[in-house]
1. Restricting everything to alpha-carbon atoms, can you work out Rg to Rh for the chain with a Kirkwood hydrodynamic radius?
2. What relative contact order, as a whole-number percentage, does region 90-236 give when Cα pairs under 8 Å and 6 or more residues apart are counted?
3. Using the beta-carbon distance between Arg43 and Arg97 and R0 = 51 Å, what value does 1/(1 + (r/R0)^6) give for FRET efficiency, to the nearest 0.05?
4. Please give the residues of region 87-111, grouped as numeric ranges, whose backbone N is less than 15 Å from a label point set 7 Å along the Cα-to-Cβ vector of Arg140.
5. Which value, in Å to one decimal place, does the Kirkwood hydrodynamic radius take for region 12-75 when every pair of different Cα atoms is included?
6. How high is the FRET efficiency between Arg156 and Ala11 when r is their beta carbon distance and R₀ equals 30 Å, given to the nearest 0.05?
Amino acid sequence: MVLPGRPSRRALYLQVRDLLTERIARGTWKAGSHIPNEMDLAREVGVSSGTVRKALELMEDQRLITRRQGRGTFVNDPSADGLADRFSNIRGAGGERICGRVNSREITEGIATGLEREHLRLPSDAAVFRIHRVREHAGRAFLVENITVSAALFPRLLDERAMVDDIVSLARDYGILLGRGEERLSTVVPSPAIAQALGVTPGMPVTMLDRVLFMLEADHPVEWRIAYSNLIETYYVSEIA
């Protein structure tokens, strides 16, 4: 069997996963809601319960749902603690994730540069929003972020300044489910402006984090972020499966 509108060469459980994921992205199944059991879903979609089970297991691995023994399966809230900050890998001395508090923010609109088009896979003359943020932790600036997102994906972003501090919640409000992320670390000498914002001596190296986040379904880039951090009394965690 091939689900309507799905590529015939794609594994059936992935087709089911995509179908169920669309219901979450479109708000048919809202955060916290209980979804039908495996047997009911299998009858509805026209596949075996084993195929549905495999699709649900993948969705749980992707943190879209939580399966609770004896209670059923529930849709996760992507903005809840532990999910909203899953792309933040800087930890404090005690192992806690550090996201910090935004103490300054600027948003501008413009035409994408060549690098922005490359990272976000945008066409020529595509419009983008650029977000510049400084985050504080324990009374000092610890992260300077320069972020680019497609204006086509987030057309009302300039009117939603309160939301730009959390890409997970912003994506959810636009019906976008975030999947994987890629982040590269390097050591660089920052510009004088960034050094001043971080409170470091000019010419002192800092950590640069180059990150791209992707959509879950289409694996298309959603956000490109270059961040600079002075990792004093903190460390970076990379989880290896």
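No lab work stands behind these numbers, since they all come straight from the coordinates. Not measured: the values here are computed from a predicted model. Here the Cβ positions follow ideal geometry from the backbone for every residue, glycine too, while neighbour counts run over all protein chains shown.
1. Numbers: Rg = 20.2 Å, Rh = 19.8 Å.
Ratio value, two decimals: 1.02.
2. Numbers: 290 pairs, mean separation 36.3, N = 147.
Relative contact order comes out at 25 percent.
3. Values: r = 41 Å, r/R0 = 0.81.
Between Arg43 and Arg97 the formula returns 0.80.
4. 92-93
5. On the way: mean 1/r = 0.0866 Å⁻¹.
Final number for the Kirkwood radius of region 12-75 is 11.5 Å.
6. Working: r = 36 Å, r/R0 = 1.22.
About 0.25, to the nearest 0.05.
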